[in-house]
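Undergrad: Pasting a structure here, questions to come.
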Amino acid sequence: MSTRTSRPWILGFCATLAAVAIAASAARALDVRIGYVDSARIFREYPAAQEAQKRFDRQVQGWRDEAADREKTVKKVRDEVRDQAAILSSLKRQEKEEDLQRKINDYEQFIQETWGPQGRAVRENEQATGEVVAQIRSAVEKVAAGKGLLLVFDSASGAIVYADHSLDLTRDVLDELSSRLEPGKSH
């Protein structure tokens with residue numbers, strides 16, 4: 001196996017490194033001002049993001065509890081079918097088996113509707129984070145414009161291999177977000 005096929009991440013890393021080096025060189029030549037933020041840190045420290053995460057976590061726990069209840073119901077009916085099969089008439093056994101199948105289908109449908117690719121969990125998470133991301137983006141734009149920056153990267157994405165810490169706007173963005181929470185401050 002060649003090195004090229006066995007280590008594709010190296011090629012990606014080298015390409016990213018080359019792109020960053022070229023961008024930095026071009027930025028210096030054109031006097032393009034750039035900065036970066038650490039979105040992971042912003043999400044950890046921004047109270048609105050923390051609250052959105054707590055709300056989502058509560059919803060998730062509710063869905064887990066409901067799924068566990070439905071799973072218990074399936075187990076209970078399955079045990080009844082197994083334990084009573086010998087003493088039930090064929091009609092009653094068939095009714096119990098149909099009831100079991102309905103409970104299984106109900107449980108599986110709930111799981112799919114909640115945790116599936118287009119499920120409630122995905123939609124709720126996108127809604128909660130979408131609002132916070134819009135607030136963060138607005139704060140980043142304001143800070144970047146105030147500093148005359150033309151480009152802002154996100155260090156949490158892993159695309160930045162190296163950057164001087166003086167280019168880090170994370171604290172400024174957090175301060176801007178905090179000022180929006182304090183009454184009487186201009187936005």
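Here, each number is a calculation from the coordinates, and none is a lab measurement. Just so you know, these numbers come straight off a predicted model, no measurement behind them. Backbone-built Cβ (ideal geometry, glycine too); neighbour counts: all protein chains shown.
Undergrad: When the gyration tensor of the range 49-123 is built from Cα positions, what are the square roots of 5 times its three eigenvalues, in whole Å, from largest to smallest?
TA: Working: eigenvalues 251, 29, 6 Å².
The answer is 35, 12, 5 Å, longest axis first.
Undergrad: Under the Kirkwood approximation for Rh and a Cα-based Rg, what ratio Rg/Rh is obtained for the range 46-185?
TA: Result: Rg/Rh = 1.30.
Undergrad: Hey, another quick one. Taking a cut-off of 14 Å, what percent of all Cα-Cα pairs in the range 32-84 are separated by more than that?
TA: Result for the distance tail: 72 percent.
Undergrad: Lysines within cross-link reach of Lys142: Cα-Cα under 29 Å, excluding same-chain residues under 8 positions apart?
TA: Correct list for Lys142: Lys54, Lys185.
Undergrad: Which lysines have a Cα lying under 29 Å from the Cα of Lys76, excluding residues fewer than 8 positions away in the same chain?
TA: Output for Lys76: Lys92, Lys96, Lys103.
Undergrad: Suppose the chain between Lys92 and Val133 were pulled fully straight at 0.36 nm per residue; how much longer would it get relative to their current alpha carbon spacing?
TA: 9.2 nm
Undergrad: Where does the charge balance sit around Asn125 when Lys and Arg score +1, Asp and Glu -1, over other residues with C-beta under 12 Å from its C-beta?
TA: For residues surrounding Asn125, the net value is -1.
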